[in-house]
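Scroll down for the structure; my scribbles are underneath it.
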Amino acid sequence: METHFKAVKITDEVYWVGAIDWLIRDFHGYATGRGSTYNAYLIMAEDITLIDTVKAPFRDEMMGRIASVVDPKKIKIIVSNHSEMDHSGCLPEVIDDIRPEKVYSSVMGEKTLVDHFHERIAGKVIPVKDGEAVSLGNMKLVFAETRMLHWPDSMIAFLPERSLLFSQDAFGMHLASFERFDDQIDQSILDYEAGKYYANIIMPYANLVTKLLERVPATGWDIKLVAPDHGPVWRSKIPWILERYARWASGVPENRAVVVYDTMWQSTARMARAIGEGLSAGGTETKIMPMAAHHRSDVVTEILAAGALVVGSPTLNNNIFPTLADLMVYMKGLKPKGLVGAAFGSYGWSGESVAHLNGLLSEMKVDLVGEGIKVKNVPTGDDLAGCFSLGRKTSDILKGKTK
Ligand code: FEO
């Protein structure tokens with residue numbers, strides 16, 4: 001047992017006993033530049049309870065933090081709110097080690113855990129239904145299914161005696177830090193990392209976020225703490241993060257644009273800059289993002305707060321550039337809403353890239369402002385003036401939608 005790991009008190013009888021991953025930089029395709037935490041929580045109720053576990057290589061860290069409060073073998077209940085491996089990777093070993101009396105998950109979670117761990121966990125998990133409560137002796141946990149937020153098995157758990165919501169992945173962020181609470185972290189970091197997390201993990205399920213935010217007041221839960229499975233615990237800024245989620249989920253466009261492109265010989269880059277100038281001249285806050293300088297997950301983060309998406313690619317072997325193909329597939333899966341947009345690019349022979357991009361943007365339900373612009377080889381001054389006009393037109397249309 002590693003004894004230098006310590007638990008952090010969240011509130012009376014509740015401790016953070018998770019792990020800090022200072023190294024992770026790629027979370028299934030999402031660039032986690034600030035690392036992450038895998039949060040687990042210990043409730044020192046009469047029936048001592050562990051909420052979630054951690055990624056498999058971090059089991060010793062979690063067990064060390066638990067041991068700083070209590071002998072882990074005294075844990076009677078384990079709750080698995082979500083079976084993704086960053087929270088369940090060490091669950092079978094932890095169950096074998098602790099031998100709790102009960103392990104709870106959602107109905108779907110029981111099946112998903114078996115799909116992951118097969119005979120190592122089969123028969124060991126008790127499913128709980130939406131709205132069901134389980135006793136911890138002197139306290140209780142109330143569960144609510146949050147299917148597809150962001151896995152089919154996801155659920156959240158409320159501890160009424162401490163007004164504490166264990167929100168699982170919802171309201172989380174990838175941020176490695178020793179600071180455990182929202183008010184201990186710089187606001188600009190909260191702003192960026194909460195948005196990045198929403199854009200890259202939660203965005204496809206915006207309608208479900210809206211339903212959840214509508215449902216929570218109806219539960220009568222008096223929530224004073226929100227403890228997610230990644231990043232800080234919310235204690236001072238709960239209204240702020242709820243308002244953020246409501247705004248992001250609404251998909252109401254803002255007067256901001258992202259121009260994203262890749263280039264072979266700088267022709268598409270010059271077009272991007274001219275389009276950006278046009279957007280900016282129209283009064284739209286604009287970011288130009290060359291794929292050579294930005295990760296796909298950073299582009300999507302900017303899209304979250306944008307109302308316009310303009311995409312440029314040269315034609316390479318009758319198709320779009322590979323970096324744009326990567327981005328478009330990733331972005332389409334995340335289902336950004338309410339965007340206007342256009343395509344552009346240079347070509348040497350056949351020039352299919354703009355048509356391909358128009359098709360991909362249409363599949364994403366982006367409202368195209370026109371057929372886009374393609375330029376043979378190197379743009380002339382007139383071509384760049386046309387790009388400027390495309391930017392200006394996009395800005396005008398966007399402003400019409402954001403009034
Ligand atoms: Fe943090 Fe969906 O796992």
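The values are calculated or read from the model by the stated rules, or taken from the named source; none is laboratory data. Just so we're clear, the structure is a prediction, and the values are computed from it rather than from any experiment. Glycine gets a Cβ as well: all are built from the backbone with ideal geometry, and neighbour counts include every protein chain shown. Heavy atoms of the whole protein, side chains included, go into the accessibility calculation; ligands, DNA and RNA do not. Shrake-Rupley method; radii C 1.70, N 1.55, O 1.52, S 1.80 Å.
The table below lists the values:
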{"quantity": "Meets criteria (touching a Gly at 6+ places or on another chain (Cβ under 7 Å), among the small types (Gly, Ala, Ser) and assigned by TED's automatic domain parsing to the domain that holds Lys196) for Ala45", "calculated": "yes"}
{"quantity": "In segment 64-75, residue nearest to Val14 (Cα to Cα) [restricted to those that are aliphatic (A, V, I, L, M) and open to solvent by less than 10 Å² (accessible area, probe 1.4 Å)]", "calculated": "Ile66"}
{"quantity": "Test for Tyr197: is it within 30 Å of Gly333 (Cα to Cα) and either open to solvent by less than 10 Å² (accessible area, probe 1.4 Å) or more than 16 Å from the ligand (Cβ to nearest atom) (or both)", "calculated": "yes"}
{"quantity": "Candidate set from segment 83-102 (those that are open to solvent by less than 10 Å² (accessible area, probe 1.4 Å) and within 19 Å of Val14 (Cβ to Cβ)); member that is nearest to the ligand (Cβ to nearest atom)", "calculated": "His87"}
{"quantity": "Output for segment 337-369, where each listed residue is touching a residue at least 24 places away in the same chain (Cβ under 8 Å) and of a type in the set (Gly, Ala, Ser)", "calculated": "Gly338, Gly341, Ala342, Ala343, Gly345, Ser346, Gly348, Ser350, Gly351, Ser353"}
{"quantity": "Residue that is of a type in the set (Ser, Thr, Tyr) and open to solvent by 10 Å² or more (accessible area, probe 1.4 Å), where the choices are Ser353, Ser362", "calculated": "Ser362"}
{"quantity": "Residue that is farthest from the ligand (Cβ to nearest atom) [pool: residues in segment 132-150 that are under 25 Å from Met203 (Cα atoms) and surrounded by fewer than 18 Cβ atoms within 10 Å (Cβ to Cβ)]", "calculated": "Arg147"}
{"quantity": "Meets criteria (in contact with a helix residue (DSSP H, G or I) (Cβ under 6 Å, 6 or more places away or on another chain), of a type in the set (D, E, K, R) and in the same structural domain as Gly386 (by TED's automatic domain parsing)) for Lys374", "calculated": "yes"}
{"quantity": "Hits in segment 365-387 - residues which are closer than 19 Å to Ala325 by Cα and surrounded by 19 or more Cβ atoms within 10 Å (Cβ to Cβ)", "calculated": "Val366, Gly372, Ile373, Lys374"}
{"quantity": "Subset of segment 110-123 (residues that are in a loop (DSSP other than H, G, I, E, B) and surrounded by fewer than 20 Cβ atoms within 10 Å (Cβ to Cβ))", "calculated": "Ala122, Gly123"}
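Condition check ((1) more than 17 Å from Lys393 (Cα to Cα); (2) more than 27 Å from the chain's Cα centre (by Cα)) across all residues:
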| residue | (1), (2) |
| --- | --- |
| Lys337 | yes, no |
| Ala343 | no, no |
| Ser346 | yes, yes |
| Val354 | yes, yes |
| Leu360 | yes, no |
| Val369 | no, yes |
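Matching residues to (1) within 14 Å of the ligand (Cβ to nearest atom); (2) in the same structural domain as Tyr30 (by TED's automatic domain parsing); (3) in contact with a strand residue (DSSP E or B) (Cβ under 9 Å, 6 or more places away or on another chain); (4) open to solvent by less than 20 Å² (accessible area, probe 1.4 Å):
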residue	(1), (2), (3), (4)
Ile156	yes, yes, yes, yes
Leu159	no, yes, yes, yes
Leu165	no, yes, yes, yes
Gln168	yes, yes, yes, yes
His174	yes, yes, yes, yes
Gln187	no, yes, no, no
Ile202	yes, yes, no, yes
Ala206	no, yes, no, yes
Thr210	no, yes, no, no
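Condition check ((1) in contact (Cβ under 8 Å) with a residue 12 or more places away in the chain; (2) open to solvent by 50 Å² or more (accessible area, probe 1.4 Å); (3) within 24 Å of Phe158 (Cα to Cα); (4) under 22 Å from the mean Cα position of the chain (by Cα)) across all residues:
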residue: Val14; (1), (2), (3), (4): yes, no, yes, no
residue: Asp26; (1), (2), (3), (4): no, yes, no, yes
residue: Tyr30; (1), (2), (3), (4): yes, no, no, yes
residue: Tyr41; (1), (2), (3), (4): yes, no, yes, yes
residue: Thr49; (1), (2), (3), (4): yes, no, yes, no
residue: Thr53; (1), (2), (3), (4): yes, no, yes, yes
residue: Ile77; (1), (2), (3), (4): yes, no, yes, no
